[in-house]
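Since the structure comes first, as structure tokens, the remarks are kept for the end.
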Amino acid sequence: MLEEQPVFAFTVHRSGGTLLGRLLNCHPDLVVWGEHSGFVENLAQIDFLLKKNQELLRSQGGDEAWLKTFAADPVFRSSHMQPWTMPPHLDETRDHARQMIRSIFTKYLRPDQRWGFKEIRYQRPYMADYLLELFPGARFVLLSRDVEDAAVSNILSDWSQDGIRESVSAETEESADEIISDVVYALIAAKVGLRWIKTKHPERCFEVNYKALKGKDIPAARAMLEFVGLEVTPDVEQNLRNTFEIKFNETRKIPKLSKILTADYIRQRAGEIAPAIRAEIAAKGVDKARLISTVAPGKYSFLTGTNRSSYMRF
């Protein structure tokens, strides 16, 4: 049996993930699905907890024979019960997770088609580690975007402005900078996470910047498909060219919140703020509390699609 090689595209909100998905889907032998609200991360959380429980049980001498005796003998159960006693069977749990993920993402596919998905919520190494535990032949495509441009798109997308216009006044530079600073912090934290994934699994990862996609870089798209193990035929290359010509899903960049929070202002301040944030994260690591905060600083990190639950749990 050939090694299963799903393709996982990790990126950040408003960084070109939809275009990336379309380009990967230019190949007839690969079906890459869209976002799924990060539910696979819940399976990673289960895996983490079961592994921890199994380690606790083993520390008390609870091997497989012990578990079988526990199940069969009431006298043994009554005298050896521990609060964390349970049959974890981590490998079996992973088998179930593997089968479930595969069955979901291979639905409607031909037997010979490969599968994958793209997500804006997976930018931390534990997700890549977990998926590689389940699918050792997996390939990752990591898409990033320059912080300044990503900040503009994240803040000025219609849903972002509609979502915060009731709760914020950005009529002063101070209030506008609070929004920009939170967004820039979350974007840089996400890029750091993607870089950690590449550093940890270099042979499994292909990096691409949104500039290449926006610039209709056919060689970059070809290299990406070849990296994940797909042949780029003339028909596939024509599909890539056609896809690059489709206009869709662009941020209108029309300020609704204030006259101050314009694209030019966001881009300028993001560029000025970013170096200090990069230095802070390099020195202290990512501030998880800030990314899950609902008050300042961090109140507006959610505009980047930051998965707060993952920072709470891991």
Problem set entry | Rh by Kirkwood over Cα pairs, then Stokes-Einstein D for segment 217-278 at 0.890 mPa s and 25 °C, µm²/s | 160
Problem set entry | Extension gain, Ile218 back to Met86 (0.36 nm per residue minus Cα-Cα distance, nm) | 42.2 nm
Problem set entry | Percent RCO, i.e. relative contact order, over segment 231-314, from Cα pairs under 8 Å lying at least 6 residues apart | 14
Problem set entry | Alpha-carbon gyration tensor eigenvalues x 5, square-rooted, for the chain, Å | 39, 29, 15
Seminar exercise, completed: Neighbours of Lys247 by Cβ distance under 14 Å: Lys/Arg at +1, Asp/Glu at -1, summed charge +2
Problem set entry | the chain, relative contact order [Cα under 8 Å, separation at least 6], % | 28
Problem set entry | Surface per residue (accessible, 1.4 Å probe) for segment 1-154, Å² | 47
Problem set entry | Residue-span extension gain [Asp63 to Glu231] - 0.36 nm each, minus C-alpha spacing | 55.7 nm
Problem set entry | Solvent-accessible area per residue, Å², over segment 237-314 with all protein chains present [probe radius 1.4 Å] | 56
Seminar exercise, completed: What the 5 Å binned alpha carbon P(r) of segment 36-160 shows, as percent of pairs per bin from 0, is 2, 8, 15, 15, 13, 11, 11, 9, 7, 4, 3, 2, 1, 0
Problem set entry | Part-to-part distance (alpha-carbon centres) for segment 66-138 and segment 267-314, which is given in Å | 31
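Given a 1.4 angstrom probe, I'd like the percentage of the accessible area of the chain that is carbon and sulfur, rounded to a whole number.
In the chain, the share of accessible area belonging to carbon and sulfur is 53 percent.
Quick one: dipole size for segment 231-314, taken about the Cα centre, charges +1 on Lys/Arg Cβ and -1 on Asp/Glu Cβ, in debye to the nearest 20.
Around 700 debye, computed over segment 231-314.
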Exercise. Nearest 20 debye, what's the magnitude of the dipole of the chain about its Cα centre given +1 on Lys and Arg Cβ and -1 on Asp and Glu Cβ?
Worked result: 200
Problem set entry | Contour excess over end-to-end distance, with Cα ends at Glu250 and Glu280 and 0.36 nm allotted per residue | 7.6 nm
For this session: Could you go through segment 80-87 in sequence order and give the Karplus-derived ³J(HN,Hα) for each residue, using 6.51 cos²θ - 1.76 cosθ + 1.60 with θ = phi - 60°, rounded to whole Hz, and x for Gly and Pro?
Result: 10, 4, 10, x, 9, 5, 6, x
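The values are calculated or read from the model by the stated rules, or taken from the named source; none is laboratory data. Computed from a prediction, not measured in an experiment: that's the story for all the values here. Cβ: placed from backbone, ideal geometry, glycine included. Neighbour counts: every protein chain shown. Quick note on the areas: whole protein, heavy atoms, side chains included, nothing else; ligands and nucleic acids left out. Shrake-Rupley method; radii C 1.70, N 1.55, O 1.52, S 1.80 Å.
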